[in-house]
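Asks: Submitted below is the structure of interest, expressed as C-alpha cells.
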There are 2 protein chains.
Amino acid sequence: MSQYKAPLRDMRFVLFDLLGAESEFQRLGFADASRELVDAVLDESARFSEEVLAPLNEVGDREGCTFDQATGDVTTPTGFKEAYSQYVDGGWTGLVASTEFGGQGLPQAVGFAQKEMIDAANLAWGNFPLLSHGATEALVHHGEDWQREVFLKPLVEGRWTGTMCLTEPHCGTDLGLLKTRAEPNDDGSYAITGTKIFITAGEHDLTENIVHLVLARLPDSPAGSKGISLFVVPKLRVGRDGSMGEPNQVRCGSIEHKMGIHGSATCVINFDGAQGYLVGQPNKGMSGMFTMMNAARLAVGLQGLGLSDRAYQNALAYARERLQMRSLSGPKFPDKPADPIIVHPDVRRMLLTCKALVEGGRAMSYHAGLQIDVAHNSPDEAQRKQADDLVGFITPIVKACLTEWGVECTYHAVQCYGGHGYIAENGVEQLARDARITTLYEGTSGIQAIDLLGRKILQLQGAGFKVMLGMVQQLCTEHADNPEVAEFIAPLQKHAAQWQQLTMEVVDKASRDPEEIGAAAYDYLMYSGYVALAYWWARSVAVSEAGSSSDGFKAGKRETAKFYFARILPRTLTHAAAIRSGSASLMTLDAEQFDA
Amino acid sequence: MSQYKAPLRDMRFVLFDLLGAESEFQRLGFADASRELVDAVLDESARFSEEVLAPLNEVGDREGCTFDQATGDVTTPTGFKEAYSQYVDGGWTGLVASTEFGGQGLPQAVGFAQKEMIDAANLAWGNFPLLSHGATEALVHHGEDWQREVFLKPLVEGRWTGTMCLTEPHCGTDLGLLKTRAEPNDDGSYAITGTKIFITAGEHDLTENIVHLVLARLPDSPAGSKGISLFVVPKLRVGRDGSMGEPNQVRCGSIEHKMGIHGSATCVINFDGAQGYLVGQPNKGMSGMFTMMNAARLAVGLQGLGLSDRAYQNALAYARERLQMRSLSGPKFPDKPADPIIVHPDVRRMLLTCKALVEGGRAMSYHAGLQIDVAHNSPDEAQRKQADDLVGFITPIVKACLTEWGVECTYHAVQCYGGHGYIAENGVEQLARDARITTLYEGTSGIQAIDLLGRKILQLQGAGFKVMLGMVQQLCTEHADNPEVAEFIAPLQKHAAQWQQLTMEVVDKASRDPEEIGAAAYDYLMYSGYVALAYWWARSVAVSEAGSSSDGFKAGKRETAKFYFARILPRTLTHAAAIRSGSASLMTLDAEQFDA
C-alpha cells in the first residue's frame, strides 16, 4: 500500500515564504487568517488526510462503488461515509466558503493546500465534497436570493453535496449539442427531462440530498450554446421555503466501470420531468457553467499535484530502501549486499523530475489560489483586475500541466519500483490509474490549450499573459545582481523573451489561418507551463536562500532548480519547434488516408 | 470493446518493399519462405489474431487468471485454453523454430510480424507461448544433446511451454544477489530450492507440462553473478529418456494482482528440492540468461508496437465517428450536427504521433528481425558479424523505445476518446494498463539504456552503432539528388552527425567519470531511437514513392514523415540538452535531502 505524509514543510514555504501569505491575508481583509490559525488548519488537515483518508484509498480502489439496479442507489466503499461525517463535523466543507452562508471564509490559497492533501490522500473520496464547491459558486454568483437561502447553507455545511450535470452521451466538450429539455411548470419551476452521463458524485449514500446543477434547453431556446440554461435540480424536492419534500424524478441509471478512481461514483443520471429551478437568466447557462468549471479546473490541477506528490514520496522511500546493483563510481554502502537504487543517476533523474514538477507546481498553483483571493478582496481595483486576468490566464496552464505532470510523475514512480510498481500490492499503480482521469475531465488538455491560446491570448489580448511577463521581469530585475540565482536569471529572461516572440508569431499566423491556433495550442500551453515553472524555481531559490530554512531544505531547492533548468526546461526546445512548424504537417493528410 | 484489424498492408510494405524480404529470404537459404507462403502465413495469422485472440482480450482482463491455494493450480480465463489448442494445431508455436526440432524454420522477420499481431490482439494470452521461445533458445544454444532431444520437441510443438525463472523477491535487475540453491543429486541431476517471483506463465492449465529455466547457485559457486548456473526444471519430472514421471517439487505459491495483463499468470514459483538439470557450464548461467533475455527483449518491443497499433486503430475510428465542435476554419460537414473530431488539429497531432511511432517502429523492429536472420544465415561471415553487431545495438533501442511509445500511444488513444477513454467499456484504457508492463519487464527502460551506452557503445566500442551510421550514410548518398526525399535527407544527415558527436562527448566524459554513463544513458537511448526512426521514415518515403502503392498509401507515408520531422524529431533537442548537461545536476543532492 502506498503511504502519504502531507508535505507541510514545503506547503508552509510556498504559502508564507514564497507568497508572503501572512501579510497578504491581512491586507486582503482575512482577519481570522493569522499565521497561527493557518498553521493549525494545515496541521489538522494533514492529520485528517493522513489518518482518516489515506488508509481508505486502497479500500476504495478495491471495493469501488456499488450500484443497485432495483433502487438506483449507490453505495460508497467501506469507511467513506464515516470519513465524510468526520469531514463535515470538522467544518471542512465550508473552509473557504463565505461566512454569510455558514462558511469559515478562509482564503482560497489555504483551501488549495487543504485540497492538495485530500487529493493526495484519497482522490476518489475527494470527488464527493469537490463538486459542492462548483455548485456553491454557481449559486452564489447566479442564483436568486431564495435559492441561495435554501441551497447554500446545506451545501456549505456539507449536509448536501452538489454536482455539475453537463455531459450527455453525444456531447461533452461541445455542449451546444445538448438535448436535455426544461419545460415550464405552472408554479414557476421547470420539468427537466434528459440523460446526463459522467456525473461525478451524481448519486451516493453520504448525504441526505444531492443538488444537481443541470444544463438544459428551454422550449423556445435558440440552437447551440446560446440556447442553454442552468437549473438547480435537487434529488429530494425542496420548496422555496426550504422544506424538504418527496423524491424528485431524478434517478441514477448506472455507474461506470473505470480505469481508476473506483471509489468515486461516476453516474448516468436520468431526469424524467424532475422539478428544477432556473438559475440566472434564460439561455445564459453557459456563464454559470463557466463559473463552476473554472473552479473545478483549478481543483483538478490540484488533484494532479497531489497524486504526483504521493507518487514521488513513495518512489523516494523505495529508492532509499531497495538494494540493487553498485554505484557506477564504486560501492557507496560496501557493508550492504548492494547499494540503494537512489545512488543510480537514472533513478535520480526520475526522482528529481518528480520533485521539480511537484514543488514547482505547488508554487504555481497556490499562487493562482492567492490571486483568486486578491481578485475578490483587494482594496485596489486595478490589482483586482490584474489578479483576475492572471487567474484566467494561469487556470488552463495549472489544469493541463499539473495533470499531465501527474500522469508523468506517477509513471516515473512506477518505473522506480520496476516490476514491483506494476502489482497492486505496492499501491503506486493505483496512483497512475487514478491520475489518468485528470487530463480528461473538466476539459481535456487539448481543450485547456484552446482556452489558453484561443481565448486568453487571442480574444482577451493576452491581458493575463502580460501580468505574468511583468512578474518575470520584476524577478529578473530584483535579482539581477544576486549571485545565488544568477545562473537562473539569464535563461529565464531568455525564455520569457522567446515566449513573447512565439506568442506574437502564433497570433500573427492565426490571423491568416485559424487552424494555426489548434495546431500550436497544446505545445504553446506546455511551453508556457515550463517557462512559468522556471520562474517559480528561480523565485523559490531566491526566497529560500534569503530565508531561514534548514541547509538541507535550501540544498533541495537549489539542486532541484539546477536540475530543472538543465534537464526539464529544455523541453521548451521541442515545444517551440513544434509551434513554429505550423499547421501544414497536421492538416494536409486526408482523413481517409490515416490507415496503415 | 476495442477492435483489432491486422495492418497487413503496412506489414507487407515493410517486409517486401522496404526490407526486400522476398529476395533476401532466398539469399539466406529460406527456400520455403516464398512470397506466396509468407503472404499466406500473414493472412492466416491475421485471421487467427483477429477472430480467435482479439475477442478474448476483454474477457481475459475482466476474469483474470485464478489461483487455487489448495492445489497451487492456475486457471486461465475463459477461452484461453481453446485458443491455445487452436494455436498449437495450426503449427504456430514452431513457426520460426528450426526444422531439426520440428519447427517450420521460417525467418525471424516473419515471426516478428506474427508476434506483433498476437500482442496487439491479446497481449496477456500472448505471454503464454512467448516464453517458450526464450527457453527454446537457451536449450538450443546451451543444452546438452539429450536435453535438446527431450525438451525441445514438446516446446516447439507447443505441447509444453517454457518460463524464465530469474527474479527473486530481493533481486530483479541485480541477479548477482540471487539465493536459489542447486545441490547435486547422486544421479547427476540437481535439487533446486528457492523462491522465484514475477514468473510469467509460471503455472497454467494450457499444457500438460511446463519447462522452467531457472537461475540458481551451486554449493561451491563464487559470489555475485559469476556464481550463477542455469538449470532446466520441469513441472512434471522428465527422465533422460524423455519419459514423463511424477510431479516435481515445483509449486505455484500465488499469482500477482496487477495493473493490467490480468489474463497473464504472473506467478510466485517455489522450488523445494525440485529435480533439475544443469544447462551449459557451471557458473556460466548468465550467458544462457542473456540468450533468453535478448530474444525476450525484442519480443517485448513488439508488444509495445502491437498495443500502439491497436490503440491507434481505435482512436482513429473514434476520431472519424465522434462529432464534436466545428473545425476552426469553418464547418467541414455542415449537414451533420458537428464535425468529426479528426478535423481538429490537436486530435490530428495525437493521431499522427501514433501513426509515426507505429509505422516507424514497425520498420525498425522488423529490420532487427531480419538482421537476426542475416546473422544466423548469411553465407558471408563479415555480413553475419555486422548483422549481429547491429542486432546487439538495436535491441535495447527497440525494447525501450517501442515500449515507451506503447505507453505514449495508448495515452494518446485514451486522450482522443476524452472521458469515454477512461471507462472500461471502450477498451482503450485496458490497452494503456497492459502497455504499462512493457517498459518494466525484461529490463526497465533505464536498464536498456545502460545496456546501450555502457555495453554496446563503450564496452563493444560501438560496433553496431557504426553499422547503423553506415546505413544512414548510404541512404543519404543514394538519395542525395532525389527530390521526393530531399527535405528529409538534410535533417537526417545533420542528426546523424550530431549523434556521432554526442556519442564521442559521452564516451569522453565517461572515461573521466563513470556516473556520466548513467546520467546520459536514458536520454542517449531516446535520442538514438528518434534518429533511427528518422532514418526509417526517410527510407519509407523513398521506397514508397518509388513503388506501386496506392496514392493514398503514399500520401500517408509522405505526410506522416513530414509530421515526424517537423514535430517528433525535435524531441532530440531536449534529449541532446539533457545529455550535454552532464551528471552534476543529478548527483549533487544528498539522498537525505530529496524530501519536500
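The values are calculated or read from the model by the stated rules, or taken from the named source; none is laboratory data. Bear in mind the structure is a predicted one, so any value in this text is a computation, not a measurement. Every residue, glycine as well, gets a Cβ built from its backbone with ideal geometry; the counts of neighbours run over all protein chains shown.
Asks: Can you tell me which residue in region A:411-430 is surrounded by the fewest Cβ atoms within 10 Å (Cβ to Cβ), limited to those that are of a type outside the set (A, V, I, L, M, F, W, C) and more than 10 Å from every other protein chain (Cβ to nearest Cβ)?
Replies: A:Asn426
Asks: Pick out the one residue from B:Ala584, B:Ala578 that is more than 7 Å from chain A (Cβ to nearest Cβ) and within 30 Å of A:Val14 (Cα to Cα).
Replies: On inspection, the qualifying residue turns out to be B:Ala584.
Asks: Any idea which residue in region B:433-476 is farthest from B:Ser264 (Cα to Cα), counting only those that are of a type outside the set (Val, Ile, Thr) and in a loop (DSSP other than H, G, I, E, B)?
Replies: B:Gln461
Asks: Further question: Output the qualifying pairs, or none if there are none: Cβ atoms under 7 angstrom, residues six or more apart or on different chains, first residue in region A:378-392 and without any contact (Cβ under 8 Å) to a residue 12 or more places away in the chain, second residue assigned to a helix (DSSP H, G or I) and surrounded by 21 or more Cβ atoms within 10 Å (Cβ to Cβ).
Replies: A:Gln383/A:Val374; A:Arg384/A:Val374
Asks: Something else about it: Hey, can you tell me all the residues within region B:431-446 that are of a type in the set (A, V, I, L, M) and surrounded by fewer than 24 Cβ atoms within 10 Å (Cβ to Cβ)?
Replies: B:Leu440
Asks: In addition: Would you mention how many residues in region B:320-365 are facing chain A (nearest Cβ under 9 Å) and small (Gly, Ala, Ser)?
Replies: Final tally of qualifying residues: 4.
Asks: With the structure loaded, tell me whether B:Val398 is surrounded by 24 or more Cβ atoms within 10 Å (Cβ to Cβ), under 26 Å from the mean Cα position of the chain (by Cα), assigned to a helix (DSSP H, G or I) and away from every other protein chain (no Cβ under 11 Å) or whether it fails that test. Before you say what the answer is, go through the steps one by one.
Replies: Working: surrounded by 24 or more Cβ atoms within 10 Å (Cβ to Cβ): yes; under 26 Å from the mean Cα position of the chain (by Cα): yes; assigned to a helix (DSSP H, G or I): yes; away from every other protein chain (no Cβ under 11 Å): yes.
Considered against the rule, which asks whether it is surrounded by 24 or more Cβ atoms within 10 Å (Cβ to Cβ), under 26 Å from the mean Cα position of the chain (by Cα), assigned to a helix (DSSP H, G or I) and away from every other protein chain (no Cβ under 11 Å), B:Val398 comes out as yes.
Asks: Confirm whether B:Ser548 is more than 27 Å from A:Tyr524 (Cα to Cα) and without any contact (Cβ under 8 Å) to a residue 12 or more places away in the chain. Walk me through it before giving the result.
Replies: On the way: more than 27 Å from A:Tyr524 (Cα to Cα): yes; without any contact (Cβ under 8 Å) to a residue 12 or more places away in the chain: yes.
For B:Ser548, the condition - more than 27 Å from A:Tyr524 (Cα to Cα) and without any contact (Cβ under 8 Å) to a residue 12 or more places away in the chain - is met.
Asks: How many of the residues making up region B:244-267 are within 14 Å of another protein chain (Cβ to nearest Cβ) and surrounded by 20 or more Cβ atoms within 10 Å (Cβ to Cβ)?
Replies: Residues in region B:244-267 being within 14 Å of another protein chain (Cβ to nearest Cβ) and surrounded by 20 or more Cβ atoms within 10 Å (Cβ to Cβ): 11 in total.
Asks: Additional query: Among the residues of region B:260-268, is any without any contact (Cβ under 8 Å) to a residue 24 or more places away in the chain and under 26 Å from the mean Cα position of the chain (by Cα)?
Replies: The answer is no, given that none of the residues of region B:260-268 is without any contact (Cβ under 8 Å) to a residue 24 or more places away in the chain and under 26 Å from the mean Cα position of the chain (by Cα).
Asks: May I ask you to list the residues in region B:148-166 that are part of a helix (DSSP H, G or I) and surrounded by fewer than 21 Cβ atoms within 10 Å (Cβ to Cβ)?
Replies: Correct list: B:Arg148, B:Glu149, B:Lys153, B:Glu157.
Asks: Can you name the residue in region A:548-567 that is within 9 Å of chain B (Cβ to nearest Cβ) and among the aliphatic types (A, V, I, L, M) and is also surrounded by the fewest Cβ atoms within 10 Å (Cβ to Cβ) among such residues?
Replies: A:Ala555
Asks: Also: Considering only region B:487-523, state which residues are crowded, with 23+ Cβ neighbours inside 10 Å and within 11 Å of another protein chain (Cβ to nearest Cβ).
Replies: The answer is B:Glu516, B:Ile517, B:Gly518, B:Ala519, B:Ala520, B:Ala521, B:Tyr522, B:Asp523.
Asks: Out of all the residues in region B:323-341, is one or more assigned to a helix (DSSP H, G or I), at pLDDT 95 or above, of a type in the set (A, V, I, L, M, F, W, C) and closer than 24 Å to B:Arg558 by Cα? Outline the logic, then answer.
Replies: Of region B:323-341, the ones assigned to a helix (DSSP H, G or I) are B:341.
Subsequent filtering for residues that are at pLDDT 95 or above retains B:341.
Checking which are of a type in the set (A, V, I, L, M, F, W, C) leaves us with B:341.
Within this subset, residues satisfying the condition of being closer than 24 Å to B:Arg558 by Cα are B:341.
There is at least one residue in region B:323-341 that is assigned to a helix (DSSP H, G or I), at pLDDT 95 or above, of a type in the set (A, V, I, L, M, F, W, C) and closer than 24 Å to B:Arg558 by Cα.
Asks: Is it fair to say B:Lys81 is surrounded by 24 or more Cβ atoms within 10 Å (Cβ to Cβ), in contact with a Leu (Cβ under 6 Å, 6 or more places away or on another chain), in contact (Cβ under 8 Å) with a residue 60 or more places away in the chain and of a type in the set (D, E, K, R)?
Replies: So B:Lys81 fails the test.
Asks: In region A:29-47, what residues are in a loop (DSSP other than H, G, I, E, B) and surrounded by 20 or more Cβ atoms within 10 Å (Cβ to Cβ)?
Replies: Going through region A:29-47, the residues in a loop (DSSP other than H, G, I, E, B) turn out to be A:29-34.
The answer is A:Phe30, A:Ala33.
The rows are residues; the columns are (1) in contact with a Pro (Cβ under 9 Å, 6 or more places away or on another chain); (2) in a loop (DSSP other than H, G, I, E, B); (3) of a type in the set (S, T, N, Q).
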site	(1), (2), (3)
A:Ser548	no, yes, yes
A:Ala561	no, no, no
A:Phe565	yes, no, no
A:Thr572	no, no, yes
A:Ala577	yes, no, no
A:Asp595	yes, yes, no
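Asks: What are the residues in region A:223-259 that are in a loop (DSSP other than H, G, I, E, B) and at pLDDT 95 or above, if any?
Replies: Matches in region A:223-259: A:Ile228, A:Lys235, A:Asn248, A:Gln249, A:Glu256, A:His257, A:Met259.
Asks: If you don't mind, another one. What are the residues in region B:1-34 that are of a type in the set (A, V, I, L, M, F, W, C) and free of Cβ contacts under 8 Å to residues at least 40 places away in the same chain, if any?
Replies: If the condition is that a residue be of a type in the set (A, V, I, L, M, F, W, C) and free of Cβ contacts under 8 Å to residues at least 40 places away in the same chain, then B:Leu8, B:Phe16, B:Ala31 are the ones that fit.
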